[in-house]
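Here the structure comes first, spelled out in structure tokens, and everything after it is commentary.
What follows draws every value from the coordinates through simple rules; no lab data is involved. Just so it is clear, the structure is predicted and the values come from calculations on it, not from any experiment. Cβ sites come from the backbone with ideal geometry, for glycine too, and all protein chains shown count toward neighbours.
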Amino acid sequence: MEAIGMIETRGFVAALEALDTMCKAAAVRMIDLKRVGSGLVTVVVEGDVAAVSSAIEAGKQVPDRTGGELVSANVIPRPHPELAKMM
């Protein structure tokens, strides 16, 4: 795992649309989708650092267009191996 990226939205449809856009924008793959509660959904993708960064940038634009709300977005380049166990 070279990098992981996370997008958190308010609304499941917005999260799915963001995931679709991220996977189409760059060579990333989904490793997790978590329903946090209160309508919050987090999508986690992995890939190389450049691909994850561009995918997150593309995915950040989507929730506003679909009526959802972007809560947060983050890229972690070269995460510690112990972090992979948590995912």
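Observations on the structure shown:
- Rounded tilt (10° steps) of 12-25 against the dominant C-alpha axis of the chain: 50 degrees
- For Cα extents along the principal axes in Å, calculated from these coordinates, the label among [x] 44, 31, 18; [y] 35, 26, 16; [z] 32, 25, 24: [y]
- 0 to 90° range, to nearest 10: angle between helix 49-60 axis and the chain longest Cα axis: 10 degrees
- Charge dipole (debye, nearest 20) of the stretch 3-86; +1 at Cβ of Lys and Arg, -1 at Cβ of Asp and Glu: 100 debye
- The phi-based Karplus calculation (6.51 cos²θ - 1.76 cosθ + 1.60; θ = phi - 60°) puts the 3J(HN,Hα) values of the stretch 3-8 at 7, 10, x, 10, 10, 10 Hz, whole numbers, x for Gly and Pro.
- In this structure, the amide hydrogen of V71, modeled 1.01 Å from its nitrogen in the peptide plane, lies closer than 5 angstrom to those of E8, T9, R10, counting only residues at least 5 positions away or on a different chain.
- Phi to ³J(HN,Hα) by Karplus 6.51 cos²θ - 1.76 cosθ + 1.60 over the stretch 29-44, Hz, x for Gly, Pro: 9, 6, 10, 6, 9, 10, 8, 6, x, 6, x, 7, 10, 10, 10, 10
- Neighbour-limited loop hits for GluC sites (Glu not before Pro), the chain (at most 14 other Cβ within 10 Å; DSSP other than H, G, I, E, B): E2
- Take every Cα pair under 8 Å whose residues are at least 6 apart in sequence, average their separation, divide by the length of the chain, and the relative contact order is 45 percent.
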